[in-house]
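The values are calculated or read from the model by the stated rules, or taken from the named source; none is laboratory data. Treat the numbers as computed from the prediction; the structure is a model and nothing was measured. Note that each Cβ is placed from the backbone with ideal geometry, even for glycine, and that neighbours are counted across all protein chains shown.
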Amino acid sequence: MTTSTAQTTPPRHFLSTLDWSRSELESLLTDARELKANRRTIARQDLAGKSVALVFFNPSLRTRSSFEIGVFEMGGHAVVLEPGKGAWPIEYRDGVVMDAEAEEHVEEVARVLSRYCDIIAVRAFPKFQRWEDDREDLVIRQFAKYATVPVLNMETITHPCQELALMLALKEKLGTTDGKKFLLTWTYHPRPLNTAVANSALIAAAKFGFDVTLLCPTPEYVLDSRYMDAAKNFAAEQGRSITVTHDVDAAYAGANVVYAKSWGALPYFGRWEEEKPIRDAHKHFIVDERKMALTDNGYFSHCLPMRRNVKATDAVTSGPRSLVIEEAENRLHVQKALLRRLVGLGGVSP
Amino acid sequence: MTTSTAQTTPPRHFLSTLDWSRSELESLLTDARELKANRRTIARQDLAGKSVALVFFNPSLRTRSSFEIGVFEMGGHAVVLEPGKGAWPIEYRDGVVMDAEAEEHVEEVARVLSRYCDIIAVRAFPKFQRWEDDREDLVIRQFAKYATVPVLNMETITHPCQELALMLALKEKLGTTDGKKFLLTWTYHPRPLNTAVANSALIAAAKFGFDVTLLCPTPEYVLDSRYMDAAKNFAAEQGRSITVTHDVDAAYAGANVVYAKSWGALPYFGRWEEEKPIRDAHKHFIVDERKMALTDNGYFSHCLPMRRNVKATDAVTSGPRSLVIEEAENRLHVQKALLRRLVGLGGVSP
Amino acid sequence: MTTSTAQTTPPRHFLSTLDWSRSELESLLTDARELKANRRTIARQDLAGKSVALVFFNPSLRTRSSFEIGVFEMGGHAVVLEPGKGAWPIEYRDGVVMDAEAEEHVEEVARVLSRYCDIIAVRAFPKFQRWEDDREDLVIRQFAKYATVPVLNMETITHPCQELALMLALKEKLGTTDGKKFLLTWTYHPRPLNTAVANSALIAAAKFGFDVTLLCPTPEYVLDSRYMDAAKNFAAEQGRSITVTHDVDAAYAGANVVYAKSWGALPYFGRWEEEKPIRDAHKHFIVDERKMALTDNGYFSHCLPMRRNVKATDAVTSGPRSLVIEEAENRLHVQKALLRRLVGLGGVSP
């Protein structure tokens, strides 16, 4: 919470990992490993008396569970708000005459929640009509503009908590991530999905020193230039590479990590019927045992929810190299590490 | 909770401030100021082990957040129930053959929740079809009839928690409220809204010794006689006045407080199309800088949610004399004070 | 929660009382009585730091409240999940190509929740299309198959927590249940309802040594053979009887307990229009004072929600021999006893 006397320094938000350095993120992962190893014994009062607003504009299972439980395990309380369902529809644009559907403005929502809570976490998926609009990430940006407490991204057009969970799982298995080969593969899904996790996997893998290959059906499935360029910069800084390919077997060859995700092609944004034939022609991008056999005994993961036998086969998903459950579990631990930092606490002492 | 051996004295409810004296309410505000000033340190175990049911028949953001967090900050737990969504539809009339939609009767709901919880809080807006029905406040009255624990109003046809939050904000700014000028102004909104906050602002301002002016488009917007008469009685007891006017500039002249709210005209209840032309003709009732300049450097407030640039301009809403955020924050503190009293605790010791 | 190193012994679930012995259930009731008598003082930290997932596929008021509050009163935290509303639709069949509605598979849901939580509680009503399908209880069985923590039934095709609550209420009133006469009577309801509570009342009453009479309109309302046969076996083991009758007055004669419930006739499953005339012809099965006068000063109960003056009259429901509120309250206490056991704790010490 912010007391009535407004603080003068704006809080540090967690909107995207683009403005968090690798060493800052590594430090969070170090904390997360401690929190995972000593879950029942440490950090149990780090959020004592504190509240976290979880503002969901879209469904959630793992995110809601892991945040609620993580906050509870640190002595705090999470309030789940679902504007438009259990709460009022909200306006995000500044200066408008509010005579349409929205009953209140994000300025009031963010400022009031800042009085009640210590952190505001927001999930706001794109509207999937115009990418030019969605890429502005208006909802969470406006929360951050008006909030006087830290705002945390629970998935908008990136999914930074998922990035941390994945990187923790990979470090647990691979030790170092530097120089390892990370394959981000598009897979079929009957509907065009958000690019958030793909964007996040790309920039996180690049930031953590992987050589990254992006495998997708056609050049139209390449991700937004903001994230492609950021990944290239991260790679360049560390002497690593970003490769885009449409050749399935070449992409899998020698991979240490295969990360699957489906997403909609940006040039067809809002005109999804036109994308459908391309999408439908690439069902063979499914992750299966034959493809995994091409890798360097690689690990498989996916962010969940995941359609089995559409994005990956049962054998891969439940197989010994699958990290899907581990990655999902890590959401809890990385988020606890993050929440502690956002309220100003230092590293966890073992 | 009530133990299985039923208690014999009915609990004191908080259904309306009409049956709470000014000194009782002032005492709650005194507690609320202490709770606000020492939020992290006092009353932290006052609800230890206790539970509060929050029964929502209508959406909420601030009410849900502030109650959940307030209960948590005092060591208790709030359960959010949404009958008709996550729970069963309920019958409120006694003695009926329940062969329609309702799956259970308020008698069972109230009696069972009384066994589980220590307080039952209810939000139940009017149905907006017949004011004769809505003014009976049947839902919360029936909860109070059957509950064996205190029932608390989270907004029905009045909004007594909002009254307390507003009065606390005004006392913080004005010191004494006696003899100050309180303007309650109707404002335009595209839909006819509940009169609850208007009723509440009227009776609270009168009870706290303000000279009250009610500004509205036509005599049809005057509030229900139950609240008009109560306000007149409170004013008479304290040598203050209640004035109704339709003259905007005269109403603002010299005001210390401008409180804005939109509501539907009672004579058109259920026939809202007929009210629309009057409503549409009074968009100029918006609170703006020109009107505020007529006041005695007055404070502005509104209960939220509020449509910006429809009910009040951006400049007024975000301006230095706006109390909207303070009033909303105060919900938390006054409710904590109230919850403590309802479970039988005395005044907060500083 | 299960730590990342998977445990090897599968957890003991609470899916049905069929595989819990009478003495195990009696032991839970003994604990529940202690927890009820000393609610504010014992077991307050038995779930400290632990979380329970409450997965609701159907509405709930008492179940949600009693579990949330029970977990809180033992120092834990309950997370409420509503797949299909606030979370993703789920696939339950193994090995399918998930190209329809479901976005994720129960295997992932159960395995991930097992990492976050210590217990997973599930409410999943039948779909009411084919009883052959519904009687497989697929949803909770699949949760139990994949979960690595205990899974608890919050009502599927049986309602074992309700059984415990009822048996506790009856033991409180009757002392011993052995040899007492338990009447389970079908009652009218405008819609065909789940047989879960009827199945549960039947097997619980038989297991606890009652002589059980099942009163229903026609032979088509007899319950599924799985539960009829189990009840007969329990009765045979204890020298008691199970009687089916369609003669109202004979059934009530000398009963110590009248337990009312409506349900749909299994032969008409999915063809409910054909059942309607039979149902409509038996509105006189309502529990009223005349029928209760035929009993041995019997107690009345029902699981709630209950339609007044359809299933039982006001006079019976609110009368001095009604246990509906007591049974509902007992949900809290028996569930606390059960939750303790599922996390491996022994009997409550007084």
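Annotations
- Identity of the residue in the stretch A:83-135, assigned to a helix (DSSP H, G or I) and of a type in the set (Lys, Arg), that ends up surrounded by the fewest Cβ atoms within 10 Å (Cβ to Cβ): A:Arg111
- Per the listing A:Gly70, A:Gly75, the residue uniquely within 24 Å of B:Met74 (Cα to Cα), more than 10 Å from chain B (Cβ to nearest Cβ) and surrounded by 19 or more Cβ atoms within 10 Å (Cβ to Cβ) is A:Gly70.
- Residue under evaluation B:Thr243, criteria (1) surrounded by fewer than 16 Cβ atoms within 10 Å (Cβ to Cβ); (2) more than 30 Å from B:Asn153 (Cα to Cα), criterion not met: (2)
- Residue in the stretch B:330-343 that is over 27 Å from B:Asn153 (Cβ atoms), surrounded by 22 or more Cβ atoms within 10 Å (Cβ to Cβ) and at pLDDT 95 or above present: no
- Complete set of residues in the stretch C:48-62 that are modelled with pLDDT under 95 and small (Gly, Ala, Ser): C:Ser60
- A single member of C:Arg62, C:Arg40, C:Arg111 is within 27 Å of B:Val109 (Cβ to Cβ) and either more than 21 Å from the chain's Cα centre (by Cα) or free of Cβ contacts under 8 Å to residues at least 12 places away in the same chain (or both), and it is C:Arg40.
- Failed criterion for A:Val80 (all others in (1) surrounded by fewer than 23 Cβ atoms within 10 Å (Cβ to Cβ); (2) part of a loop (DSSP other than H, G, I, E, B) hold): (2)
- Criterion violated by B:Ser60 - all others in (1) facing another protein chain (nearest Cβ under 7 Å); (2) on the phi > 0 side of the Ramachandran plot; (3) small (Gly, Ala, Ser) satisfied: (2)
- Considering only residues in the stretch A:24-45 that are charged (D, E, K, R) and within 13 Å of chain C (Cβ to nearest Cβ), the one that is farthest from B:Ser65 (Cα to Cα) turns out to be A:Arg33.
- Scanning the stretch B:197-221 for residues that are of a type in the set (A, V, I, L, M) and more than 18 Å from the chain's Cα centre (by Cα) returns a single hit, B:Leu215.
- Flag if B:Ser200 is within 25 Å of B:Asp137 (Cβ to Cβ), touching a Ser or Thr at 6+ places or on another chain (Cβ under 6 Å) and not acidic (Asp, Glu): yes
- For the stretch B:141-151, the criterion of being over 24 Å from C:Ile325 (Cα atoms) and either touching a residue at least 24 places away in the same chain (Cβ under 8 Å) or not polar (S, T, N, Q) (or both) is met by none of the residues.
- Test: A:Val55 is more than 8 Å from every other protein chain (Cβ to nearest Cβ) and either small (Gly, Ala, Ser) or more than 20 Å from C:Cys117 (Cα to Cα) (or both): yes
- Scanning the stretch C:42-65 for residues being part of a loop (DSSP other than H, G, I, E, B) and either in contact with a Gly (Cβ under 9 Å, 6 or more places away or on another chain) or buried (at least 20 other Cβ atoms within 10 Å of the Cβ) (or both) gives a total of 12.
- Filtered residue count, the stretch B:306-329, keeping only those that are buried (at least 21 other Cβ atoms within 10 Å of the Cβ) and facing another protein chain (nearest Cβ under 9 Å): 9
- Failed item in (1) within 12 Å of chain B (Cβ to nearest Cβ); (2) out of contact with any strand residue (DSSP E or B) (no Cβ under 9 Å at 6 or more places or on another chain); (3) of a type outside the set (A, V, I, L, M, F, W, C), with C:Gly344 passing the rest: (1)
- Here C:Pro150 passes the criteria (1) buried (at least 23 other Cβ atoms within 10 Å of the Cβ); (2) over 30 Å from C:Thr9 (Cβ atoms) except the one numbered (2).
- Some residue of the stretch A:186-196 being in the same structural domain as A:Ser241 (by TED's automatic domain parsing), within 17 Å of the chain's Cα centre (by Cα), surrounded by fewer than 20 Cβ atoms within 10 Å (Cβ to Cβ) and more than 26 Å from A:Gln238 (Cβ to Cβ): yes
- Yes/no for A:Phe56 being of a type outside the set (Asp, Glu) and within 20 Å of C:Leu47 (Cβ to Cβ): no
- In the set C:Glu163, C:Glu103, C:Glu132, only one residue is more than 20 Å from C:Thr17 (Cα to Cα) and more than 14 Å from chain A (Cβ to nearest Cβ); that residue is C:Glu132.
Every residue, every condition in (1) at pLDDT 95 or above; (2) among the charged types (D, E, K, R), yes or no:
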residue	(1), (2)
B:Arg33	yes, yes
B:Asp46	yes, yes
B:Arg64	yes, yes
B:Val71	yes, no
B:Gly84	no, no
